[in-house]
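Following: one structure in structure tokens, then a few remarks.
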Amino acid sequence: MPPAEREAFRKALLRVEELHGNMAVLSRLGTLLREPDSGIDDVARLLQTDGALCANVIRISNNVLYGIGARSHGIEEALVKVGFNRVLSLVGAALSRRLFMRDLDAYGMSADDYWAYSYFCAVLLERQAFRIGESPDDTYLVGLLHAIGRVVINDLLRETKIEVFWDRSLPCEEWEEILLGYRHDEAGAHLLRKWKFGPVVHERVARQKHPASIASDPVLELLDYARLCAELNHYRIGEPSWVAPAEHPWMRRPGFDAEEMEIEVQQAKATCLRIREALRGGG
């Protein structure tokens, strides 16, 4: 990459890093949840550093997805209601909604569609983690953050006033490489390292489009399947039914059941829609 382009890329990364520095809370939360002596009060103290985040966490906890009991009015009540093992998913939904708040003009995606797509991947990966012997928290984060590099590239193009748009005649990564000399998987991994996410997350984001990595890592294989599901259905998360992929390596895994996987996809979509409604202010 020429020096001028490298400097523009560095500045774009820095802008996103500074604008959404609260994403580092998600990284610290993941570490905290792994500590055997941590509890709800420790998590609450971390989240209380961001008032807007607390408000969104409380709002989501009061969605019917988490039961119909008494409404939460404070952050500790919300965390107790949701349960310790669901905290990362809850906070990830709230934080990612803020991160993906601008339309990705260069990619032809609205902010809402982009968030819904990322969150759908996160939920589907989390739901399938037990089948492949992986940590639900790690697989959730890989799904949620795998395309975060597009925010960097879109921001760079917006700031430099370059009006070019991905027309989908080329794979996204090829288009980025031709246009800018770097790709969103590289940008995303770099950003996640800056926010101090662990190697199990940022290295997978970096390798997500490498054929050998997809073939050898079931998390990346499942992510590729989730991505294909969304692409086939034009990222329209609100559509009542989706066309399933006709062929994908994930479908050849031992024990794969097409009918069961279809149910998993529909349930992941339903969860995404409920969380989106909660973040819009619905009950």
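For the range 3-279, take the convex hull of the Cα atoms, compute a quarter of its surface area, and give me that in nm², please. That works out to 14.8 nm².
Normalised by residue count, the range 211-262 yields a Cα convex hull volume of 83 Å³ per residue.
The modelled label-to-label distance for the pair Gln267/Val200, using points 7 Å beyond Cα in the direction of Cβ, is 2.2 nm. Only Cα pairs under 8 Å and 6+ residues apart enter the sum, and on that basis the relative contact order of the range 3-279 stands at 21 percent. Applying 1/(1 + (r/R0)^6) with r as the Cβ-Cβ distance of Glu76 and Ala52 and R0 = 25 angstrom yields a FRET efficiency of 0.90.
Could you work out [θ]222 nm for the chain from helices alone, using -39500 (n - 2.57) per DSSP H run of at least four and dividing by all its residues? Round to the nearest 500 deg cm²/dmol.
It comes out at -19500 deg cm²/dmol, rounded to the nearest 500.
Relative to the present Cα-Cα distance, how much length would full extension add between Glu18 and Arg131 at 0.36 nm per residue of separation? Before the final figure, lay out each step's value.
Numbers: separation 113, 0.36 × 113 = 40.68 nm, distance 3.70 nm.
Gain on extension, Glu18 to Arg131, equals 37.0 nm.
Build a GNM of the chain with springs between Cα atoms under 10 Å apart, and of Ala226, Ala215, Ala187 the one that fluctuates most is Ala215.
Its alpha carbons considered, the range 196-283 gives a radius of gyration followed by a Dmax of 15.0, 44 Å.
Only the coordinates and a few stated rules stand behind these numbers; no lab work does. For clarity, every value in this text was computed on a predicted model and none was experimentally measured. Note: ideal-geometry Cβ built from the backbone for every residue, glycine included; neighbour counts use all protein chains shown.
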